[in-house]
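Each reported figure results from applying straightforward, stated rules to the coordinates on display, with no laboratory input. What you are looking at is a predicted structure, and each value in this text was computed from that prediction instead of being measured. Cβ: placed from backbone, ideal geometry, glycine included. Neighbour counts: every protein chain shown.
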Amino acid sequence: QVQLVESGGGLVQPGGSLRLSCTASGFSLVDYAIGWFRQAPGKEREGVSCISSIPGKTFYKDSVKGRFTVSRDNAKNTVYLEINNLKPDDTGVYYCAADLVCSKGFEYTYWGQGTQVTVSS
């Protein structure tokens, strides 16, 4: 069965860090791009990052560059999103999604259930 599961969210103070995980079951991530999206309260879902199946190819939303780092561990069939210097505006539900290529749209085949990130003092 094909499944994509996020984990690692939680409550953190501004300036703190989190590492989100996206683990696939039923298929291998080596052939897939993984996009990260978030949806803040009252706002539309937005893409924040993507890691391509092509080694070394990563993409970031301008507002998160320098703070977010996406990486993959193929042996664990997992993609990570490390978030540093968290800001209150980073609050939202974070989703990972898999498809053959990175896209700024939402044309991804598989989606996880989301993990909540809350940044608050």
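Using +1 at the C-beta of Lys and Arg and -1 at the C-beta of Asp and Glu, which of W36, V12, N74 has the Cα lying farthest in the positive direction of the dipole of the chain?
Farthest towards the positive pole: V12.
Report Rg(Cα)/(2.2 N^0.38 Å) for the chain, keeping two decimals.
Computed over Cα atoms of the chain, the ratio equals 0.98.
Give me the percent of DSSP beta bridges within the chain that run antiparallel, rounded to the nearest 5.
Beta bridges within the chain, antiparallel portion: roughly 90 percent.
Could you tell me the relative contact order of the chain? Use alpha-carbon pairs under 8 Å, at least six residues apart, and round to a whole percent.
Answer for the chain is 37 percent.
Quick one: length gained pulling T118 to V101 fully straight, 0.36 nm per residue minus the C-alpha distance?
Values: separation 17, 0.36 × 17 = 6.12 nm, distance 2.91 nm.
Computed gain between T118 and V101 is 3.2 nm.
In terms of the Cα gyration tensor, with a ≥ b ≥ c the square roots of its eigenvalues, is the range 30-72 rounded because a/c is under 1.5, prolate because a/b exceeds b/c, or oblate?
Details: a/c = 3.15, a/b = 1.72, b/c = 1.83.
Since a/c reaches 1.5 but b/c is at least a/b, the shape of the range 30-72 is classed as oblate.
Based on the mean of other Cβ atoms within 10 Å per residue, sort peptides 57-66, 27-36, 96-105 so the most packed one is first.
Most protected by this proxy first, the peptides run 27-36, 96-105, 57-66.
Once you charge only the Cβ atoms, +1 for Lys and Arg and -1 for Asp and Glu, what is the size of the charge dipole of the chain about its Cα centre, to the nearest 20 debye?
220 debye
Between N85 and Y110, what is the FRET efficiency for a Förster distance of 30 Å, r being their Cβ-Cβ separation, to the nearest 0.05?
Values: r = 30 Å, r/R0 = 0.99.
Efficiency for this residue pair is about 0.50.
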